């Protein structure tokens, strides 16, 4: 079933315009279909706030399980916001106090930008761990993305992420380590996932604490893993939710940082993302940026419209399949009361009987 537009959040209309089927709240109220309530803790910076909404809403809406999906975006203290972003949050996001009072069947925690080397020093650390501590006791399954994966593994197991020699970004090939786990059943055994990060938690550190690694890349490390029980916490190190232009927009931000002398070297291309046509375009563009910087001229127009037609999405089907499996299992084992995480007879320590 499609998403239910239970608020006036602009993301619903944007997804309609993309061709997604969205059910209005009035129509949904007359359907005798079970509701699944999913929280989205959106910690992304202002530039990616609404895009992150769309990306995760889209993956949830693509699930073909027989349920009405209500997604509840919220955020936490400790994240700097512009007046415009804060106004969006104040108008459309729910306070965490209401989330706790109403309950959730599942929770997605996005990544975030950090200001320092140590995650526990970040202003959002305590609010994030408060959300996680509540969810661990009251929510059937928590899906962590990128920075959230690093933070929750450190909080639970004391494993600090490792700073990489250089930014790892691009689209990387992955293979399944465990082909029988319910989260990856019937998906491709080899598939692509975008990554964009400066830090990593390595496979041996995950396995040392009993985490179940499901998908890895020779070049990009672990993408998909779960908690010891196999389901209560799902970890992404990559970004399967990304749009086709997400890495392109990140590349533009990196080029701008070079132009503004925030970084010394012109940024490299995201790996396995640009084809020969795009590489040629950006080779010429780099010369214009360097010349503009040296001559104190305005930043040259970024050729996004010119290159967008050459960008391929090679990861979305697999991302949808994993989300479909995740939400399907949540549907099967959750209690119909969203305040109660499990049906009678389900063991929280082994909910999938693995």
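Could you tell me whether segment 312-325 includes any residue that is in a helix (DSSP H, G or I), in contact with a strand residue (DSSP E or B) (Cβ under 6 Å, 6 or more places away or on another chain) and buried (at least 16 other Cβ atoms within 10 Å of the Cβ)?
yes
Have a look at 247, 224, 256 and point out the one that is under 18 Å from residue 316 (Cα atoms) and either part of a helix (DSSP H, G or I) or outside the structural domain of residue 167 (by TED's automatic domain parsing) (or both).
Of the residues listed, the single one that is under 18 Å from residue 316 (Cα atoms) and either part of a helix (DSSP H, G or I) or outside the structural domain of residue 167 (by TED's automatic domain parsing) (or both) is 247.
Tally the residues that are under 17 Å from the mean Cα position of the chain (by Cα), part of a loop (DSSP other than H, G, I, E, B) and in contact (Cβ under 8 Å) with a residue 60 or more places away in the chain, restricting the search to segment 172-221.
1
I'd like to check which strands (runs of 3 or more DSSP E) are fully inside segment 23-138 and have at least 2 residues that are closer than 25 Å to residue 157 by Cα.
In segment 23-138, 35-41, 106-109 are the strands (runs of 3 or more DSSP E) which contain 2 or more residues that are closer than 25 Å to residue 157 by Cα.
Taking segment 328-341, which residues are touching a residue at least 12 places away in the same chain (Cβ under 8 Å) and either more than 23 Å from the chain's Cα centre (by Cα) or within 18 Å of residue 138 (Cβ to Cβ) (or both)?
Answer for segment 328-341, where residues must be touching a residue at least 12 places away in the same chain (Cβ under 8 Å) and either more than 23 Å from the chain's Cα centre (by Cα) or within 18 Å of residue 138 (Cβ to Cβ) (or both): 329, 330, 331, 333, 334, 336, 337, 338, 339, 340, 341.
Quick check: anything in segment 272-289 in contact with a strand residue (DSSP E or B) (Cβ under 6 Å, 6 or more places away or on another chain) and at positive phi?
Within segment 272-289, one or more residues are in contact with a strand residue (DSSP E or B) (Cβ under 6 Å, 6 or more places away or on another chain) and at positive phi.
Among the residues of segment 278-290, is any crowded, with 17+ Cβ neighbours inside 10 Å, under 27 Å from the mean Cα position of the chain (by Cα) and in contact (Cβ under 8 Å) with a residue 12 or more places away in the chain?
yes
The values are calculated or read from the model by the stated rules, or taken from the named source; none is laboratory data. All of these numbers come straight from a predicted model, not from anything done at the bench. Cβ sites come from the backbone with ideal geometry, for glycine too, and all protein chains shown count toward neighbours.
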